[in-house]
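The values are calculated or read from the model by the stated rules, or taken from the named source; none is laboratory data. Every value quoted in this text rests on a predicted model; they were computed, and no experiment measured them. Using ideal geometry, Cβ is built from the backbone for each residue, glycine included, and neighbour counts are taken over all protein chains shown.
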Amino acid sequence: MTKRIVAFRRLKESQLDQLRHEFHVDYFERLDSADDPAFRHALRQAHGLVGAGLRITPEMLDDAPRLEAIASISVGYDNYPIDELNRRGILLCNTPDVLTETTADTGFLLIMATARRAIELAEFIKRGDWQESIGDAQFGSDVHGKTLGMIGMGRIGAAIARRGALGFGMKVLYSNASPKPALDAELGAEHRDMDALLQESDFVCVTVPLTAETERLIGQREFARMKSSAIFVNIARGKVVDESALIDALNQGHIHAAGLDVFEQEPLPDDSPLPHMANVVALPHIGSATHETRTAMAQRAVDNILLALKGERPISLVNESAWNG
Ligand code: 8YV
């Protein structure tokens, strides 16, 4: 019997062909809602699922009795109910490594753009306000030589830290991860507890995954501990931060500015003040969004599902226990 796959994110024709060569593929190039009747119908018969940006609920899994594997086109897997997947023996695969450097570029883009006020000052020219040499009112803050505090020092965190230490001569601190002696040696990085990191850092950059433990990890208490000159950068997940506490901290001058690629609710609701605040650079979750990297992520997902549905170990498996069990 030919196995069936539901794909619900844009894939290249060559990637679809690869899947179609082995499986029957129901392809939803655009999926506006998980309740789309055609999608739900396809899911009922699917052995594999490939896509991203959709919250998969236990109720959807109840409706997908044949499902053996999911290949997410993302490194983060907070959209998936891991315990439920484990219980049902459904494999979950993600796309680490291929997006590390691109996402780290985005992190550094936010550090630079926020510190040097690049977006705000580009708008200043567009408005025709550049009538004389710029002065104090347009000056930003240095990045080089400052202290970069990484909350989370996984692959992406380390790639940002590397840019900071080796490219910009920054002192790197990190918390919320076990000490990493190899990085300490490579970058002169130093492990700190969270409070010390918040107090010492000029830039605080969040890269932890969203889990029950990291939800709202950064709130009023944490912003209060940061320097009033601190720049806060989040490229992890919006829910790691208490967004209203962040808005208050920015408005009340507890911190200087923020660079944000992720938000509590995405797309940002129309009434969010964040994109309109002068001391905020807000981006529409572009962490991994380059042609090269999104193609590589989709390819990794295709490779993962091909292996998983053939009973072979996928390249990037999230839930070992579903494999062993
Ligand atoms: C993707 C991401 O944009 O991989 C991740 O976890 O956050 C991004 O690279 C996103 O998940 C795709 O919708």
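Quick notes on this structure:
- Residues that are out of contact with any strand residue (DSSP E or B) (no Cβ under 9 Å at 6 or more places or on another chain), assigned to a helix (DSSP H, G or I) and not aromatic (F, W, Y), drawn from the stretch 113-129: L121, A122, E123, I125, K126
- For the residues L67, L110, L148, L61, the requirement of being assigned to a loop (DSSP other than H, G, I, E, B), surrounded by 19 or more Cβ atoms within 10 Å (Cβ to Cβ), at negative phi and modelled with pLDDT of 95 or more singles out L67.
- Filtered residue count, the stretch 159-206, keeping only those that are at pLDDT below 95 and polar (S, T, N, Q): 2
- Annotation: I247 fulfils all but one of (1) surrounded by 20 or more Cβ atoms within 10 Å (Cβ to Cβ); (2) hydrophobic (A, V, I, L, M, F, W, C); (3) under 22 Å from the mean Cα position of the chain (by Cα); (4) closer than 20 Å to I151 by Cβ; the unmet one is (1).
- Taking first residues from the stretch 42-55 that are farther than 17 Å from Y80 by Cβ and partners that are of a type in the set (G, A, S), the Cβ contacts under 7 Å between residues at least 6 apart in sequence or on separate chains come to R44/A64.
- Qualifying residues in the stretch 71-91 (those that are touching a helix residue (DSSP H, G or I) at 6+ places or on another chain (Cβ under 9 Å) and within 13 Å of the ligand (Cβ to nearest atom)) - the one farthest from L11 (Cα to Cα): D78
- Failed criterion for I305 (all others in (1) buried (at least 18 other Cβ atoms within 10 Å of the Cβ); (2) away from the ligand (no atom under 13 Å from the Cβ); (3) over 30 Å from H21 (Cα atoms) hold): (3)
Per-residue answers, yes or no, for (1) of a type in the set (A, V, I, L, M); (2) touching a Gly at 6+ places or on another chain (Cβ under 9 Å); (3) closer than 13 Å to G145 by Cα; (4) outside any strand (DSSP E or B):
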{"residue": "A158", "(1), (2), (3), (4)": "yes, no, no, yes"}
{"residue": "V172", "(1), (2), (3), (4)": "yes, yes, yes, no"}
{"residue": "A177", "(1), (2), (3), (4)": "yes, yes, no, yes"}
{"residue": "A182", "(1), (2), (3), (4)": "yes, no, no, yes"}
{"residue": "E186", "(1), (2), (3), (4)": "no, no, no, yes"}
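- Boolean, A46 is modelled with pLDDT of 95 or more and over 30 Å from A258 (Cα atoms): yes
- Just one of the numbered conditions (1) crowded, with 17+ Cβ neighbours inside 10 Å; (2) within 16 Å of the ligand (Cβ to nearest atom) is not true of H254: (2).
- Of all residues in the stretch 200-211, those that are touching a residue at least 60 places away in the same chain (Cβ under 8 Å) and under 15 Å from V241 (Cβ atoms) have Cβ atoms under 7 Å from Cβ atoms of residues that are basic (K, R) and not in a loop (DSSP other than H, G, I, E, B), 6 or more apart or on another chain, in L210/K239.
- The set of residues in the stretch 79-107 that are assigned to a strand (DSSP E or B) and among the aliphatic types (A, V, I, L, M) comprises L91, L92.
- Residue in the stretch 38-50 that is within 24 Å of the chain's Cα centre (by Cα) and surrounded by fewer than 16 Cβ atoms within 10 Å (Cβ to Cβ) present: no
- Failed condition for E132, given (1) crowded, with 19+ Cβ neighbours inside 10 Å; (2) not in a helix (DSSP H, G or I): (1)
- Against the criterion of being among the aliphatic types (A, V, I, L, M), more than 13 Å from the ligand (Cβ to nearest atom) and assigned to a loop (DSSP other than H, G, I, E, B), A38 does not qualify.
- Matching entry among F203, F223 (being crowded, with 20+ Cβ neighbours inside 10 Å, touching a His at 6+ places or on another chain (Cβ under 7 Å) and either within 29 Å of A165 (Cβ to Cβ) or among the charged types (D, E, K, R) (or both)): F223
- Count - residues of the stretch 275-302 that are more than 16 Å from the ligand (Cβ to nearest atom) and crowded, with 17+ Cβ neighbours inside 10 Å: 2
- Among (1) assigned to a strand (DSSP E or B); (2) within 16 Å of the ligand (Cβ to nearest atom); (3) hydrophobic (A, V, I, L, M, F, W, C), the one test that V25 misses: (2)
- Among the candidates G76, G53, residue that is outside any strand (DSSP E or B) and at positive phi: G53
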